[in-house]
Amino acid sequence: GLDPTIAGEYYGICFLLIAVLLAIHAGLTGSSVISSDEEDRVTEFLYSKPRSRTYILTAKWLAGAAIVLAMWGTAVCTSIITISKFAKFDNFWSDFWLLMIAGLSIQVLFFSVGVANAATTSRLGMSARLVSIAVFSSYVLYVLERLSDMFSWARYLSVFSYFDATSIIRAHAVNPRTVILCASVSVCLFIFGYVRFKQRDLRS
C-alpha cells in the first residue's frame, strides 16, 4: 500500500524490518540484564551486598532501559542521515517521528517481555529463545494478516499490526489507544517481573 518511489513511503516499507530488529534487541536486552548474573556466576557476589533485590533489579532495569534508548537513538540518527543522503524529508518529518515513536513503543513492550520472562526462568538461553519466539510469532501473524482476509483476526495478536507503517503514514497519526495499551501491558509486565524476581530462588 506504499509507493517505493517516494522517500517517506519507501522508509515506511523498510520500517517493519527496523521494528523487528529493535524488538529483538530490546527483548534480548531485557532478558540479559537479569539472567546474566547467574550465567556469569556472580550471583553470590552481587546479592551478598547490603542491597535489596528491588534496588538491584531497578539498577539493572535502568541500565537496560539506557541501552534500549541508545539503540533507538542510533536507529533515529542513522535513518535521518541515510534519508538525507538520498532524498529530502519535505513533509515526511512528522510521519518520521510518528514511526520512531511506534518503534520506541515496540521496544518498551518487548523489553518488558524480556524482563518478565527472565524473572521467571533462571536460564538465559531459554529466556532469550522465548523472547525471540515472541517477536517472530508477532511478525508472522502480521504478515499473515496482510496476505489474506482469512487471517484478519491476527491483527489483534501482533504488535506490529498495532503500529503498521502504512496506517501511520496514511493517517499521519499513531492511534493513542494503541500506545496506551502497550504502555499498560509493559507496566504490568514490569510489576510482574519485580514480584516474581523477589520470590525466585537464585542460582549461583
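The values are calculated or read from the model by the stated rules, or taken from the named source; none is laboratory data. Since this is a predicted model, take the numbers as computed values, not measurements. A quick note on method: Cβ atoms are made from the backbone with ideal geometry, for glycine too, and the neighbour counts reach across all protein chains shown. These accessible areas exclude ligands, DNA and RNA; they are computed on the full protein's heavy atoms, side chains included. Shrake-Rupley method; radii C 1.70, N 1.55, O 1.52, S 1.80 Å.
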- Message: What is the angle, in °, between the Cα long axis of helix 93-120 and the longest principal axis of the Cα atoms in the chain? Nearest 10 is fine, range 0 to 90.
- Response: 30
- Message: Compute the helix-to-body angle for 7-39: its Cα long axis versus the longest principal axis of the chain, expressed 0 to 90° and rounded to tens.
- Response: 0
- Could you check which residue among Ala65, Ala19, Ala173 shows the biggest mean-square fluctuation in a GNM of the chain with a 10 Å Cα cutoff? Ala173
- Query: Ignoring any ligand, DNA or RNA, what whole percent of the accessible area of the chain comes from carbon and sulfur when the probe is 1.4 angstrom?
  - Reply: 67
- Task: Write down the accessible area per residue of the chain in Å², having rolled a 1.4 Å probe over the full set of protein chains.
- Result: 54
- Message: Going by average Cβ density within 10 Å per residue, which order do the peptides 100-107, 5-12 take, highest to lowest?
- Response: 100-107, 5-12
- For the chain, calculate the relative contact order in percent as a whole number, restricting contacts to Cα pairs under 8 Å that are 6 or more residues apart. 35
- So how tilted is helix 124-147 from the main axis of the chain? Cα-based, degrees 0 to 90, rounded to 10. 20
- Task: Can you find, among Tyr10, Leu141, Phe197, the residue farthest towards the positive end of the dipole of the chain? Put +1 on the C-beta of Lys and Arg, -1 on that of Asp and Glu.
- Result: Phe197
- Task: Once you have a ≥ b ≥ c as the square roots of the Cα gyration tensor eigenvalues for region 80-156, tell me rounded if a/c is under 1.5, and otherwise prolate or oblate according to whether a/b is larger than b/c.
- Result: oblate
- Take the chain, drop everything but the C-alpha atoms, weight them equally and run the Debye formula without solvent; then report log10 I(q)/I(0) at 0.14 Å⁻¹ to two decimals. -0.83
